[in-house]
1. Identify, by number, the condition in (1) open to solvent by 50 Å² or more (accessible area, probe 1.4 Å); (2) in a loop (DSSP other than H, G, I, E, B); (3) touching a residue at least 12 places away in the same chain (Cβ under 8 Å) that residue 297 doesn't meet.
2. Run down 120, 108 and say which single residue is loosely packed, with under 15 Cβ neighbours inside 10 Å and at positive phi.
3. Residue under question is residue 430, and the condition is that it be part of a strand (DSSP E or B), modelled with pLDDT of 90 or more and under 30 Å from residue 264 (Cα atoms); does it hold?
4. Being out of contact with any helix residue (DSSP H, G or I) (no Cβ under 9 Å at 6 or more places or on another chain) and not assigned by TED's automatic domain parsing to the domain that holds residue 504 narrows it down to one of 158, 113, 130, 109, so name that one.
5. So in region 450-485, with the set limited to residues that are in a helix (DSSP H, G or I) and of a type in the set (Gly, Ala, Ser), which one is surrounded by the most Cβ atoms within 10 Å (Cβ to Cβ)?
6. Would you check which residues across region 250-264 are part of a strand (DSSP E or B) and either touching a Leu at 6+ places or on another chain (Cβ under 8 Å) or open to solvent by 60 Å² or more (accessible area, probe 1.4 Å) (or both) and list them?
7. Within region 411-442, can you find the residues that are open to solvent by less than 30 Å² (accessible area, probe 1.4 Å) and farther than 30 Å from residue 305 by Cβ?
8. Out of all the residues in region 308-339, which are among the small types (Gly, Ala, Ser) and crowded, with 19+ Cβ neighbours inside 10 Å?
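The values are calculated or read from the model by the stated rules, or taken from the named source; none is laboratory data. Since this is a predicted model, take the numbers as computed values, not measurements. Neighbour counts are summed over all protein chains in view; Cβ atoms, including those assigned to glycine, are modelled from backbone coordinates with ideal geometry. What goes into the accessible areas is simple: the full protein's heavy atoms, side chains included, and nothing from ligands, DNA or RNA. Shrake-Rupley method; radii C 1.70, N 1.55, O 1.52, S 1.80 Å.
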Amino acid sequence: MAKIQSSDDTKRKIRKPISQKIILSGPLDSPEISENVNAKVEIPAIDAQKVEILAKKARNPLWVSLKRVPRRIASVLSNLPLAIGEMATIAGLMALGTVIEQGEAPELYFQKYPEDNPVLGFFTWRWVLYLGFDHMFSSPVFLGMLVLLAASLMACTYTTQVPLVRVARRWSFLTSAESIRKQEVADSLPRASIKDLGVILMGAGYEVFSKGPSLYAFKGMAGRFAPIGVHLAMLLIMAGATLSATGSFRGSVTVPQGLNFVIGDIMGPSGFLSNPMPSFNTEVHVNRFYMDYYESGEVSQFHTDLSLLNLDGKEVMRKTISVNDPLRYDGVTIYQTDWGISALQVSKDTDGPFNLAMAPLKINGDKKLYGTFLPVGDTNSSNVKGISMLARDLQSIVLYDQEGKFAGVRRPSSKLPIDIDGMKIVIEDAIGSTGLELKTDPGVPIVYAGFGALMLTTCISYLSHSQIWALQDGTTVVVGGKTNRGKVEFAGELNRLLDSIPEIVNTKTTPSKTLNSESKDGDSLV
């Protein structure tokens with residue numbers, strides 16, 4: 001059977017045998033003293049001059065005021081309306097960062113936010129460039145607000161949450177039946193034992209402590225620690241976001257199929273904490289680019305087969321990436337973001353094949369159009385004519401003759417020639433180009449850990465912290481309790497626990513009534 005922890009038991013646990021050695025850290029004549037406990041140890045006299053200095057500081061109002069300054073600052077920072085205002089300001093800056101183009105050249109802001117026609121009557125390019133709104137998430141204003149919010153969270157934890165936990169962990173015995181009856185839920189149990197109550201509470205998961213006729217029990221202490229965990233999780237998220245904004249690298253590139261690029265040539269730092277990584281020396285080779293299509297002919301997905309090569313030209317990794325399926329290698333992530341058509345491989349009569357560069361003619365979201373031109377005749381003439389070719393994607397090419405008239409449609413790699421103005425044209429292949437985005441983000445693991453901790457501690461914060469007091473008043477046990485959440489459920493739980501406490505019955509009998517004795521009527525008592 002589980003034993004109720006009493007204050008007397010605790011005292012007995014504390015009373016351990018005293019060590020036979022006394023080791024003083026002060027500057028004594030000998031470095032270490034090993035004597036019997038009853039031995040006398042001479043302690044050096046306290047420096048009277050130091051005592052006088054400390055006494056003067058204690059009497060000095062200026063010194064007392066300076067000691068109170070940190071507490072006053074913490075009190076101001078832990079103000080709830082201030083914290084709400086900080087979070088609202090950060091949310092507003094984040095929204096503004098999604099409206100204002102980020103990382104563009106100053107000329108764009110000169111044109112979009114001119115001084116002669118300011119947005120909302122006052123917002124010009126000076127606001128964007130001077131306050132760093134062109135790189136909002138690493139700007140001094142945004143980072144300063146994050147630091148201020150972090151200071152408020154730490155101040156609230158220090159001034160409010162930690163003292164609440166300290167108070168909740170203290171044993172608080174009530175020695176008055178009236179004070180117990182004033183609790184949120186209270187009841188009296190005649191002919192009951194406080195020890196039985198303690199055993200029942202321990203079986204229900206309570207930590208039980210007793211001191212003489214008094215009992216104190218609690219459970220759900222994790223709910224008291226949860227707000228501190230929530231604050232720490234938010235600090236983790238902000239630290240990770242700050243590290244991402246000031247310590248990452250980003251870059252984008254469009255690479256035709258079959259060509260290479262070096263990661264370090266593409267990446268650019270995003271903040272003052274950005275440090276190059278060894279993986280920046282890795283070379284990326286585009287083995288193949290291809291697309292999937294819907295039945296309607298529109299592009300549904302595009303893929304890039306990539307190989308990573310080290311300085312010796314040895315392949316260290318290979319993967320086919322697609323949208324939402326990136327490649328990750330040694331802290332660098334490569335995303336599939338875009339596509340294009342770089343060239344057409346064409347044969348004319350017996351000439352070729354040769355590559356014709358494709359130029360973008362129209363780009364509107366996913367609606368793209370690329371074109372090229374195959375000159376015919378004297379290419380040095382001022383009036384060069386030729387065959388025009390247009391493509392929306394990699395699966396079909398539309399051809400026009402020298403007069404601009406429609407000549408036909410051919411699928412790349414079909415090897416089917418088309419006769420235009422007496423020439424046989426074959427579309428050998430359409431060479432695609434892949435749009436890749438590369439980035440390093442050291443703050444991502446910290447942000448993920450922060451969000452995981454935030455979800456966990458938020459769930460834990462819903463656990464109720466329940467407290468129960470009891471007092472043995474003769475043969476009656478007076479019980480009362482309170483909780484910070486789920487008050488109706490707590491009252492029902494306490495009533496069920498009290499109903500399970502056994503009642504003490506008086507089993508004393510008179511000498512004239514004994515077992516197997518006969519009554520006046522001749523019947524026996526059983």
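1. (1)
2. It is 120.
3. The answer is yes for residue 430.
4. Every option except 130 fails the conditions.
5. So, considering only residues that are in a helix (DSSP H, G or I) and of a type in the set (Gly, Ala, Ser), the one surrounded by the most Cβ atoms within 10 Å (Cβ to Cβ) is 450.
6. Answer for region 250-264, where residues must be part of a strand (DSSP E or B) and either touching a Leu at 6+ places or on another chain (Cβ under 8 Å) or open to solvent by 60 Å² or more (accessible area, probe 1.4 Å) (or both): 250, 251, 252, 253, 254, 255, 260.
7. 418, 420, 423
8. Correct list: empty.
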